[in-house]
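Since the structure comes first, as structure tokens, the remarks are kept for the end.
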Amino acid sequence: AFLFFFADVPPSGPMDLPLSLLEMGCSGRFELITHPLPGQPLPPHSTLPHGLPPTSLNLETEVEKQFLRDPAWLPIHDTDFECNLSSANRVTQREFNVDSLLNCAQSSLHSGLSVVRDPTTGMLLGFTEVPLENTGLSAKNSLSLQRQPGPPSESLRGSNTNYPFLPGGMEELSLDQIKKKSELEEDIDFEKDLIRVPPGLKAGMDFTDKGSISHSEMNPSVMHIPAFFFVYNLNSKYEVACSHLELFLFLCLQDAVSSSTPSEKAKDDKSKPKVKQEENKKWAIPVDIASPCEDFHKRIPNPAFTWPFELDVFQKQAVLRLEAHDSVFVAAHTSAGKTVVAEYAIALSQKHMTRTIYTSPIKALSNQKFRDFKSTFGDVGLLTGDVQLSPESSCLIMTTEILRSMLYNGSEVIRDLEWVIFDEVHYINDAERGVVWEEVLIMLPDHVSIILLSATVPNALEFSEWIGRIKKKHIYVISTMKRPVPLEHHLYTGNSTKTQKEMFLLLDAAGNFLTKGYYAAVDAKKERTSKHAQSFGSKNTSQNTTDRSVWLSLLHFLSQRQQTPVVAFTFSRTRCDDNARSLDSMDMTTSIEKAEIHSFFQKSLTRLRGGDRQLPQILIMRDLLKRGIAVHHSGILPILKEVIEMLFSRGLVKVLFATETFAMGVNMPARTVVFDSIRKHDGTGFRNLLPGEYIQMAGRAGRRGLDATGTVIILCKAGVHEMADLHVMMLGKPTILQSQFRLTYTMILNLLRVEALRVTDMMRRSFSENHRDTQVHQLKQTLSTLPPLDTHDQLSDLMPYYRTVTELRTTTEALQRAILESMSGLKALSVGRVVVVNNKQHLNALGVILQVSNDSVNRTFTSLIICEKGNEEGEGKGNAVAALPHLYNTALFIPEGPCSHTVQKLKFQDITGITVKTLKVIPDRIIDNYNKRQQPRFRHDPPGQAISTASQELLRLAEANSGGLATLDPVNDLQLKSVDVVEDSMRLRVLKESLQDFTCIHSPTFFARVTERMSVQEELDRLLFLVSDQSLSLLPEYHQRIKVLQSLQYVDSSGAVQLKGRVACQISSHELLLTELLFENALSPLAPEESAALLSCLVFTQKTQGIDRVLSVAKRIGELQRECGIPQTAEEFVGQFKFGLTEVVYCWARGMPFAEIAQLTDVQEGTVVRCIQRLDEVLKMVRQAARIVGDSVLGSKMEKASLAIRRDIVFTASLYTH
């Protein structure tokens, strides 16, 4: 046969290329041989004895056959080709091949080859065939790590049709859960209920038996194989063999199941109690870092990474935990050395040949970490929205959003992942993006260990306990309050050369608050203001000049004391710029430093085009930098920000005016930190800095190894701040970590497309639902230990009685609340009213009200109550709910011995009846006399006249109406006519009457037993409700959002994700608006630059006038959300899209230089750049979405738009990544 093939190869022609293929092994790998040996034939070679049969390599015939003669290549719908069609048909007849429509993917191999080796020598003896498990699993149908890897193109980011890997802590469904039927399932009778016509088809199958043997005719002991296996056509031996084999396997299986040994079953039972222990244990384990870690080097003889310095105790403890492959939460101040933990994890994963992902909240921080880790480890990659550098590295640095999409899209990187490092975890408090952290933590698979690095937070244990519980693994909490460089906080009141030394220590390095320093600052300020008013009259100097003089005097003072570099935190971008510009007379650099700054600045700007180098912002900044001054905020161009950061870390920038973002993780310590003000605007209004914010920023002071202490200075420009405010800010507790979890449409759609993951699971695991704890399990145990209830004879109606009493109690409480909240009720409960009192001490005792408190929330009634002699102080003889006898026994209390009295503050719950009687009393005298007689000196004095009279009156009333006094009826007497009150009072009457008929009330101990048992049961029911999905706080909103998605046809009524939903999964922000625009074809008629300009409204954050199409779609979605019950108004929804940069983006996409664009708008350059960068991400998402829909025209248009805006200064690569 082989000879026959060789004979068929045509001689190589003049057009043939001398190419040959070499097959490598039998794995399907080929190598191309471009320079064959002379004299050798050209057919394909193989490394095995039998390679591929040779094929003809005549390129001409190949091309002609594939491209010119293949009818599939001819356009059939294109109008331009109409004229060519007839000629095309003449050339080749289109053959119809219906079978090609029935394409079936090949099933995967169910066995593979395994090598057999000699166990002693390792020699290869041969191959053996082994069956493969889980061959049918793929990324499209399974959450398992056993599934086959997807195509290489999807290995990094995954695909939005992939299933994610099973999140850790979410168990695979147990057998019981699978057996439980959902609402949509029903029992089917396979004889009668089968549906014969599939949905969408007109005709169907006929299942009636035609002449087959009925079951009654069959002998039950004989198995009828064809009937059993539906093997209809047994004409070949092969099929008969199959059916016999299957039957044999089936019977073997039955045997195996039935003969499962008793010992195995016992083992199963024994293993069950483990679960209970697991429910009880604590997941967060605090690590003691007080004692030194002596045996560190013994326990880790050859560490994966070493540092040139000795580690602190907390770092050693963290490294020990990492070596044991445990998850850790490290909370420490900025610059305490948390990065050590991250570095060790990266080194470990390189040693283990696994991967680490390092996530940070801010892109700038990602770039910096990339530079730091790259110089340390070399094998580091970076993934942000617009940059992708060496994604195959063992350590990947990315923003949290990208990790989230990788998890949802089942990226293959997750398989090799050993650690995920979350830096700046306190960012989880961010209202906008905090939810992303929670989603990522919930979605991480079980084999990934977690490292959380955070600033000091008060509730680190609670947070770690939550993570531990949802991931079912221990989290070791290492938290240190120690600062490597202690801080000293000062107040500064100077504003001229004369007063420039006026700096007062307020909080010393040991953390003592010095009030002396505070008052000295107040005096200095006071003295000056009075002098100033005398000498100049009270002329108002302008704000700017005072600011300038304060800064000049302070900076002179600091540079004299060599306390630069200085970071000056200013909470407004314009004030940053103004302050820097006002220092035009300051020069803080030497000539050598000037030269260094100049050369670095020029070198960094070489990547910009000529025109961009002349931007006003760059020129201004160049002049400032040469004098050692710089500005850092979101309005500065990204490349300039990086130049400034690098110069600052070299110590060449002496004064940096920065906004709060500079303190977020950008590791740039200074010698001194100055606060321009301690008030900031947080988007809603002005407020003082929170302790956490202050500590984060002040922590930038003090460079480890360079300064003994860091200096923090607060400027007192207008006056000295309130001492209380300063005290709270410096010594208050930092903000606790709080859940910002909210539902987003992307999250819902991503979870809905995977059958095994439910949105409610995600909600239940969120930090906001952290309170559902393990008490359920304890209560069940308590309940099982209680003795069984005795419900015989007299006690037969105990349970119904208990229910009646409980209902009675709740109805009474509801009525009491209604009375207390009404005007007429409060009028009735005025001084002199006789009431019936029931609490721990009194049973149906009469009292008279003497005083009513003004507190409307916890109103109290000071009353005089009659009691037995000797029970004035008594705490009662039993439980408050012990028997609730007053519910069925209305007889008033009459003392058996001499009558005494007590004055008490009663809660409203203690007053069970407001009687129709009132008494004339003199409250003040009664209270004074009673209080006087509480003192030991006057204890044995006789009661005063007023008290005696009142208590005698009460006793007389009780004796005259021993069966019970008439009480005010809420409906008739107090005129409360609301439906609830009327219903409650009628129900109360019925319930009270029904109590007389119960027999169990005659048994002495009847109630105590049932109360204990029922209170545990009720608590258990309450907790079971809390643990169920029904009590999830976000459940109503989830149903509303599902309703929105169903109305817009993103999901169908059964919750299956439709095409629109699949598109929306691709888009991470404003998913509904973008998908609607896509499906309404709003972007198709626009040119690429127009569509880029239009979409800029999704990424810009300052306000201007709008554009109709987007707004109408937004309005429609907003109104629909409102109808489905989501609280956001349509106006608010529309209001989040701002069209301020539409013109700027349009001009930029058309190629206008950046310098001219900056003239078009008053928005700062840095903001424009950030906006265009984020717009590029949106365009990419729309391009992906368009491809899913199959709109290739729109896809290529988006690509063009993306290319048009990706140029020059906006997309200059970060200096950190080179």
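The values are calculated or read from the model by the stated rules, or taken from the named source; none is laboratory data. The shown structure was predicted, so the numbers you read here are calculated from the model rather than taken from an experiment. Heads up, the Cβs are rebuilt from the backbone with ideal geometry, glycines too, and the neighbour counts pull from every protein chain shown. We work out accessible area using only protein heavy atoms, side chains counted, and drop any ligands, DNA or RNA first. Shrake-Rupley method; radii C 1.70, N 1.55, O 1.52, S 1.80 Å.
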Per residue, how much accessible area does the stretch 123-172 have with a 1.4 Å probe, in Å²? 59 Å²
Length gained, Arg937-Glu1156, 0.36 nm per residue minus C-alpha separation, equals 69.6 nm
Quick one: ranking Thr782, Thr812 by accessible area, 1.4 Å probe, largest first, what do you get? Thr782, Thr812
So how much slack lies between Glu1080 and Arg1022, counting 0.36 nm per residue of separation and subtracting their Cα-Cα distance, in nm? 16.0 nm
Treat each spin label as a single point 7 Å out from the Cα along the C-beta direction, and report the Glu1123 to Ile1188 distance in nm. 2.5 nm
Take the alpha carbon atoms of the stretch 306-355, find their center, do the same for the stretch 911-926, and report the distance between the two centers in whole angstrom. 72 Å
When the charge dipole of the stretch 308-399 is computed with +1 on Lys and Arg Cβ and -1 on Asp and Glu Cβ about the Cα centre, the Cα farthest towards its positive end, among Leu322, Cys395, Ser366, belongs to Ser366
Of all accessible surface on the stretch 330-432 at a 1.4 Å probe, what whole percent is carbon and sulfur? 53 percent
With every protein chain left in place and a probe of 1.4 Å, what is the accessible surface of Leu1160, to the nearest 10 Å²? 70 Å²
Filter Lys1060/Lys1180; Lys316/Lys473; Lys1060/Lys1197 down to the pairs with a C-alpha to C-alpha distance above 26 Å, please. none
Mind giving me the nanometre distance, one decimal, between the label points for Ile300 and Thr590, set 7 Å out from Cα along Cα→Cβ? 4.0 nm
With every protein chain kept in the model, how would you rank Thr128, Thr661, Thr354 by accessible area, 1.4 Å probe, largest at the top? Thr661, Thr128, Thr354
Beyond 21 Å between alpha-carbons counts as too far, so tell me which of Lys282/Lys472; Lys840/Lys905; Lys338/Lys374; Lys680/Lys717; Lys501/Lys641; Lys363/Lys641 fall in that bin. Lys501/Lys641
What percent do you get for the relative contact order of the stretch 1103-1188 when only Cα pairs under 8 Å and 6+ apart count? 22 percent
Taking 0.36 nm per intervening residue step and subtracting the Cα-Cα distance, what contour gain separates Ser291 from Asn103 on full extension? 60.7 nm
Heavy atoms only, probe 1.4 Å: what % of the accessible area of the stretch 1128-1218 goes to carbon and sulfur, would you let me know? 48 percent
Over the stretch 621-738, with every protein chain in place, what whole percent of the accessible area is carbon and sulfur at 1.4 Å, could you tell me? 54 percent
Using the Kirkwood radius over C-alpha pairs as Rh, can you work out the diffusion coefficient of the stretch 1021-1095 via Stokes-Einstein at 20 °C, viscosity 1.002 mPa s, in µm² per second? 145 µm²/s
